[in-house]
Amino acid sequence: MKSKVKIILIAEILLLLAFLFSRCSSTSTGENELSETENIESNFVADPQYLEEQPISKLAIGEKAPDFNLPGIDGEFHKLSDYDDSDVLVINFTCNHCPTAQAYEDRFIQAVENYKGKSVAFVAISANSPVGILPEELGYTDLSDTYEEMKIRAKDKSYNFPYLYDGDKHEFSLAYGPVATPHVFVFDKERKLTYSGRIDASEKPGTANAEDLRYAIDLTLKGESLPSDRAQTPSFGCSMKWAWKNEYTIKTNNAWKEKEVTLEKLSPVGLAELLKNDTEELLLVNFWATWCGPCIVEYPEFVTIQRMYGERDFQFVSVSMDSPDQFDKALKFLKGKASAIPNYLMDTEDKYEVIKVVGENWDGSLPITLLIEPGGNIAYHVPGTIDALTLKKEIVDHPMIGRYF
């Protein structure tokens, strides 16, 4: 009898252990599945694509906010429902590159700070397609509108709000219908649109304080409707870069490639005159050679930089340190890089004479890059390979260039 009871007890214990093990395995599997899902989301890789033209909605006052599920720069996906706890939701369609968007950044950041603890949620969405943006459209910035560059801008400006990306297919932004950057939408607790338009009526930094946006938020928090003449305002700024607006992009890129590329010989005396920069422009000079690996790898960045800032007070010039008898080789390289800018080849075998002209900023190694102000003052120089982003920041943040109109 005792042995029978013992067998039954052992069997029950084994069953209990099996049950607990199965529960643990199930929980572990579920956690792994969740972990894998989160990992997929946090490893988001942008894939902007050329698209056929899509219909663009125009969200009307009183209409409900369309749902969205978008990757943020924090590596997580964000949904409309994530902000259900807030009585008011502000969605700002903005971007990195637009000078108007940059002009309003600090005001938006300050508004987010001022409404902390007041049940107002703020979200920014970049809907621009990187494939529809030319270097020539980036003359007031150091960044384009890629997902990775969004992270850089958010860090540089210490964004205090989620910054989401919808530049692959504009899957969710089309339902809102923003027309320019920035364009803000304000929604009430039921997520019905109460305001759409500008942040305020004065673009220049320091001349306004997001009055239109604050007015809309305050009335919405009180449950009051905005007057019809203030519920919808124009949103001035850069047009949205939808992925099908690429005809001009393709045409302009092809036109640049077809520009004539020339190469002139330059004497040390001529170089000295060049470096005086007797102009009213910032002058960027890069010394390079076809036999210099880092030189030829980084060179396309300079062509892009010229295309970005060339319509402003800026000029890039290349100076080849190849031997004078390597003229054809240098020219062939420049043509292959579509270097349709002033290109020079030093007309001397005496490299030390050239180094002496440049002066103390050059130890003789290649490449070297100089950013020269009018009058010859060297504002920035890079011995060795450039960091393209750092160089662009130096250019756009120079008082002669700037990020605003």
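The values are calculated or read from the model by the stated rules, or taken from the named source; none is laboratory data. Predicted, not measured: the structure shown is a model, and the values here were computed from it. Don't worry about glycine lacking a Cβ; one is built from the backbone with ideal geometry, like all the others, and counts go over all protein chains shown.
When V285 is tested against (1) within 30 Å of D87 (Cβ to Cβ); (2) outside any helix (DSSP H, G or I), just one condition goes unmet, and that condition is (1).
A Cβ distance below 6 Å, combined with a sequence gap of six or more or placement on separate chains, defines the contacts here; from segment 149-173, residues that are within 20 Å of V90 (Cα to Cα) reach residues that are at pLDDT 95 or above and of a type in the set (D, E) in the pairs K157/E105; F172/D166; S173/D166. So K251 clears everything in (1) among the charged types (D, E, K, R); (2) closer than 30 Å to D168 by Cα; (3) outside any loop (DSSP other than H, G, I, E, B); (4) touching a Gly at 6+ places or on another chain (Cβ under 8 Å) except one condition, right? Which one? Just one mismatch for K251, condition (4).
Would it be correct to say that K329 is more than 33 Å from the chain's Cα centre (by Cα) and over 26 Å from E260 (Cβ atoms)? Spelling it out, it is not the case that K329 is more than 33 Å from the chain's Cα centre (by Cα) and over 26 Å from E260 (Cβ atoms).
Please name all residue pairs, on different chains or six or more residues apart, with Cβ atoms under 7 Å, provided the first residue is in segment 321-342 and is at negative phi and in contact (Cβ under 8 Å) with a residue 24 or more places away in the chain and the second residue is in a helix (DSSP H, G or I) and not aliphatic (A, V, I, L, M). Qualifying pairs under 7 Å: M321/K351; D322/K329; K337/Y299; K337/P300; A340/W256; I341/Q306.
Contact map, segment 291-314: first residue more than 24 Å from G402 (Cα to Cα), second residue part of a helix (DSSP H, G or I), Cβ cut-off under 7 Å, separation 6 or more or different chains; pairs are I296/F333. Checking S267, S225 one by one, the residue that is more than 30 Å from A111 (Cα to Cα) and small (G, A, S) is S267 and no other.
When each of P205, P135, P182 is tested for being of a type outside the set (D, E, K, R), under 17 Å from the mean Cα position of the chain (by Cα) and surrounded by fewer than 20 Cβ atoms within 10 Å (Cβ to Cβ), the lone residue that passes is P135. Checked against the criteria, S228 does not count as surrounded by 13 or more Cβ atoms within 10 Å (Cβ to Cβ) and closer than 19 Å to L59 by Cα. Scanning segment 64-101 for residues that are aromatic (F, W, Y) and in contact with a strand residue (DSSP E or B) (Cβ under 6 Å, 6 or more places away or on another chain), we see that the one that is nearest to L389 (Cα to Cα) is F93.
Here is a yes/no grid of residues against (1) under 24 Å from R198 (Cα atoms); (2) at pLDDT 95 or above; (3) β-branched (V, I, T); (4) not in a helix (DSSP H, G or I):
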| position | (1), (2), (3), (4) |
| --- | --- |
| K6 | no, no, no, no |
| S22 | no, no, no, no |
| G30 | no, no, no, no |
| L34 | no, no, no, no |
| Y50 | no, no, no, yes |
| D74 | no, yes, no, yes |
| L89 | yes, yes, no, yes |
| A103 | yes, yes, no, no |
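Comparison of N96, N114, N92 shows that the only residue that is within 30 Å of N254 (Cβ to Cβ), of a type outside the set (A, V, I, L, M, F, W, C) and assigned by TED's automatic domain parsing to the domain that holds A201 is N96. When each of S173, S196 is tested for being within 14 Å of V123 (Cα to Cα) and not basic (K, R), the lone residue that passes is S173. Within segment 222-270, restricting attention to residues that are of a type in the set (A, V, I, L, M) and more than 30 Å from I199 (Cβ to Cβ), the residue that is modelled with the lowest pLDDT is I250.
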